[in-house]
Amino acid sequence: MSEEGRKPLQRLRRRFRPRTRPRFDGQSFNRLIPNILTMLGLCAGLVAIRFAIDGRWAPAAGMIVVAAVIDGLDGRLARLLKATSRFGAEFDSLADFLSFGVAPALILYLWSMQAVGPLGFVPCLLFAVCSSLRLARFNASLDIGPAPQPAYAYNFFTGVPAPAGAGCALFPLFAGLALTEWGWDGTAAFIRHPVLVGVVLVVVGGLMVSTLPTWSFKNFRVPRAAILPLLLGVGFYVALLLAEPWAALAAGGFIYLGMLPFSLRSYLTLKQEAEALIEQVPDATGGRAP
């Protein structure tokens, strides 16, 4: 075939040749969204420390709340997008340590505890250490795998989670800001006393590293009769949060601490029911299971 006859044939081959797109190494943007949220939560904790250094207590407390909201979203979003990874888990733990361990301790030290000198730093240091120990326990479970647990235990955390612990530790600051806005300066000064703040830090830090079972609210079932009161209560709390945010946040921490005994009672009740069912199941020999 001549050269002129090959040219139309080559053009036809190029026209019907399948087009290939260049491949780029890397991850899709959707899988990076949880890590981006975690980074924003970390930045919120750092900004909270900066506000506390400047003595701007309300923005500092607000940044911790923002970090807690972000922390509640990034993990769920990662599971929804199937973007969970070991890097994301480690990054989340480091961000939680700063935002819910270091930042609340420094904020409360600058707000109240530095008034008693170097000794006032001890409860703040203890709270940050307890936060790091809790997160280290979580990271260790990623390496060795979670210990086998009965089905009822999956609805409970072991100890108070870091975001909830930070909210409970900041209860004096939330209450003090609310009382100051109401003009109750005497009560606000009492709430700001280093002894009270130190006790709160030590107690909450101990709850974080404890083995106390606390509700995780992941698979929490609400009784049918309690659905309407729960919705009304949530609506009332949202209205209070919009009208009096600091009072609502202080009440939220107080309510959470008040729920801990009921969480323990629920865990023990489920444990007793599970053990009773095991005792009633006959084994292969016709006797009772041990």
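Given the peptides 69-75, 233-239, arrange them by the average over their residues of other C-beta atoms within 10 Å, most packed first.
Working: 69-75: 18.1, 233-239: 11.3.
With the highest mean Cβ count within 10 Å placed first, the list reads 69-75, 233-239.
Under a plain spin-label model, where a point goes 7 Å from the Cα along Cα-to-Cβ, how far apart in nm are Arg50 and Ser210?
Those two pseudo-labels are separated by 3.7 nm.
No lab work stands behind these numbers, since they all come straight from the coordinates. All of these numbers come straight from a predicted model, not from anything done at the bench. Cβ: placed from backbone, ideal geometry, glycine included. Neighbour counts: every protein chain shown.
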